[in-house]
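Notes for the one structure printed next.
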Amino acid sequence: MSDPKIPRGEFDPDDLLHLSAKRILVTGGAGFLGSHLCAALLKQGHEVLCADNFFTGRRGNLRHLLGNPRFEVMRHDVTFPLYAEVDEIYNLACPASPFHYQHDPVQTTKTAVHGAINMLGLAKRVGARILQASTSEIYGDPQVHPQTEDYVGYVNPIGKRSCYDEGKRCAETLFFDYHRQHGIEIKVARIFNTYGPNMHPDDGRVVSNFIMQALAGEPITIYGKGDQTRSFCFVSDLIDGLMRLMGSPSEVTGPINLGNPVELSIRQLAETIIRMTGSTSKLVFETLPQDDPIKRQPDITRARNLLDWTPKVQLEEGLETTIEYFSKIVAATQGAAERK
Ligand code: NAD
Ligand code: UDP
Ligand code: UDP
């Protein structure tokens, strides 16, 4: 019989996974993409540390993960140094919606640039592999269509989008200089417009705006004439691409475009969402914001060849899941209002 005075401890079989798992830092892990990435990494058995200042991210995005003993959340702003012992870093911290990144443009550039320096300094100290969530905004308002990774872009350095575009461009420069100068293992993903559940309903980006407006029967706000184009990738495809890139051989540094090459106009997107929600919303046309790119479509040949990656989720399939997610938020908000 065991001695009752000797502590017996708790054993969780899940802890065994530690033996083969990696310790992975996800900055911006409470945001839209970050929350899906944390979930996918935990599912693979890794230990995940999420660092986020909750500017646009929400603890609610992580609710289902908080009980997992391999998951840790820390409130941290990446513009300040961070000391942790990790094997891999996914650097996602940065507001991505124009509405949010233009709210405090100086902080946006600091997040992109100082955040990159700190995370690269951390990667250098602990010898971690580091992935940068870069963006199609590297190409600015592109003069080449579709965009290939060797196109160097057409970017306004002093406009309203510059805090984000130039911040992300400088971050890419830092990644390649730390790689050349200090031998850090880097991976740079240029992410094109991605959508799906866990987007904030007030995020300000086009998919969330249009779905929330359609569900409320409010006018759909089209900026400009709506003939500008984007190519929309569903979140599960994007996360798969990021994880494949992180797992790729050392010589694959990127930059690599990750996005769905199916291009459509913003007006077509609005009409599709109205049809799929059965909404009575009408289109209203507002001013096109400064430097809003006219065309955007990724050439994903590199991702296909180097990562064997190609998006699988069709637009309407992805929109259906996203509409379902926003419908639940609307129903919960209405329920809460009625109970008051
Ligand atoms: P998001 O706004 O939902 O998530 C960003 C996260 O970073 C949030 O949780 C936010 O609180 C956090 N954050 C912001 N500043 C921070 C700081 N200084 N310190 C710590 N945390 C901070 O956006 P998202 O769509 O999930 O984008 C994630 C990353 O992917 C961003 O770097 C973005 O630039 C990049 N990206 C996204 C898209 C897209 O379509 N979703 C396209 C291109 C690039
Ligand atoms: N840094 C960090 N965590 C670490 C190591 C470094 O946040 O574990 C930050 C620190 O603020 C430093 C920056 O990363 O200034 C860049 O580090 P690097 O070693 O490249 O340069 P340093 O400024 O130390 O000369
Ligand atoms: N847009 C729009 N109405 C909205 C929000 C966005 O017409 O309510 C347009 C915006 O002008 C841009 C496109 O949709 O041309 C995509 O905008 P988003 O903010 O999602 O991302 P971007 O690709 O511009 O970074």
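Coordinate-derived values only; no laboratory data. For clarity, every value in this text was computed on a predicted model and none was experimentally measured. We place every Cβ from the backbone using ideal geometry, glycine too, and count neighbours over all the protein chains shown.
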Just to be sure I understand: with springs between alpha-carbon atoms less than 10 Å apart, which residue in Gly196, Gly34, Gly121 has the highest mean-square fluctuation in the Gaussian network model of the chain? Gly121
Within 11 Å, Cβ to Cβ, of Ile220, how many net charges do the neighbouring residues add up to if Lys/Arg are +1 and Asp/Glu are -1? -1
Sorted by mean Cβ packing within 10 Å, highest first, what order do the peptides 59-69, 143-153, 124-134, 213-223 take? 124-134, 213-223, 143-153, 59-69
Return the long-range amide H neighbours of Tyr223 (sequence gap of 5 or more, or a different chain), with a cut-off of under 5 Å between placed amide H atoms. Glu286
Can you bin every Cα-Cα distance in the chain into 20 Å intervals starting at zero and give me the percent of pairs per bin, rounded to whole numbers? 30, 57, 12, 1
Among the GluC sites (Glu not before Pro) within the stretch 207-275, which fall in a DSSP loop and have no more than 14 other Cβ atoms within 10 Å of their own Cβ? Glu251
List the relative contact order of the chain as a percent without decimals, with contacts defined as Cα pairs under 8 Å and 6+ residues apart. 16 percent
How would Thr322, Thr229 line up from fewest to most surrounding beta-carbon atoms within 10 angstrom? Thr229, Thr322
Between Thr333, Gln314, Ile300, whose Cα lies farthest towards the positive end of the dipole of the stretch 296-340 when Lys and Arg beta carbons carry +1 and Asp and Glu beta carbons carry -1, centred on the Cα centre? Thr333
Explain nothing, just the number: dipole magnitude of the stretch 208-295 about its Cα centre with +1 on each Lys and Arg Cβ and -1 on each Asp and Glu Cβ, in debye rounded to the nearest 20. 240 debye
Karplus-derived 3J(HN,Hα), 6.51/-1.76/1.60, for each residue of the stretch 171-185, Hz, glycine and proline x: 4, 4, 4, 4, 4, 6, 6, 5, 5, 5, 7, 10, x, 5, 7
Quick one: if you stick a label point 7 Å off each Cα along the C-beta vector at Thr148 and Arg275, how many nm between them? 3.4 nm
By the Kirkwood definition, with r running over pairs of different Cα atoms, the stretch 139-197 has a hydrodynamic radius in Å of 13.2 Å
Once normalised by the length of the stretch 139-284, the mean sequence separation of its alpha carbon contacts under 8 Å that are 6 or more apart gives a contact order in percent of 28 percent
For the Thr173, Arg304 Cβ pair and Förster radius 30 Å, calculated FRET efficiency rounded to 0.05 is 0.70
Any chance you could get the radius of gyration and Dmax over the Cα atoms of the stretch 141-239, in Å? 17.0, 55
So, in nm, how far is label Asn68 from label Lys225 when the simple model puts each one 7 Å beyond its Cα toward the Cβ? 4.7 nm
Cα shape, the stretch 81-185, gyration tensor, a/c 1.5 rule: oblate
Could you pull out every one of the lysines with an alpha carbon less than 28 Å from that of Lys282, ignoring same-chain neighbours closer than 8 positions? Lys225, Lys295, Lys328
By how many nm would the segment from Glu324 to Leu264 grow when fully extended, if each residue of separation counts as 0.36 nm and the alpha-carbon distance is taken off? 19.4 nm
Which trypsin sites (Lys or Arg not before Pro) in the stretch 220-268 sit in a loop by DSSP (not H, G, I, E or B) and have at most 11 other Cβ atoms within 10 Å of their own Cβ? Lys225
5 angstrom amide H check on Ala93, placed H, neighbours 5+ away: Thr27, Gly28
Between Leu269, Pro249, Pro289, whose Cα lies farthest towards the positive end of the dipole of the stretch 244-296 when Lys and Arg beta carbons carry +1 and Asp and Glu beta carbons carry -1, centred on the Cα centre? Leu269
Note down the magnitude of the dipole of the chain about its Cα centre, charges +1 on Lys and Arg C-beta and -1 on Asp and Glu C-beta and zero elsewhere, to the nearest 20 debye. 320 debye
Divide by every residue of the chain the summed helix terms, -39500 (n - 2.57) for each DSSP H run of at least 4, and state the resulting mean residue ellipticity at 222 nm, rounded to the nearest 500 deg cm²/dmol. -12000 deg cm²/dmol
If every Lys and Arg gets +1 and every Asp and Glu gets -1 at its Cβ, then about the Cα centre the stretch 75-155 yields a dipole, in debye to the nearest 20, of 300 debye
So, counting K/R as plus one and D/E as minus one, what does the shell of residues with Cβ under 12 Å around Ser35 add up to? +2
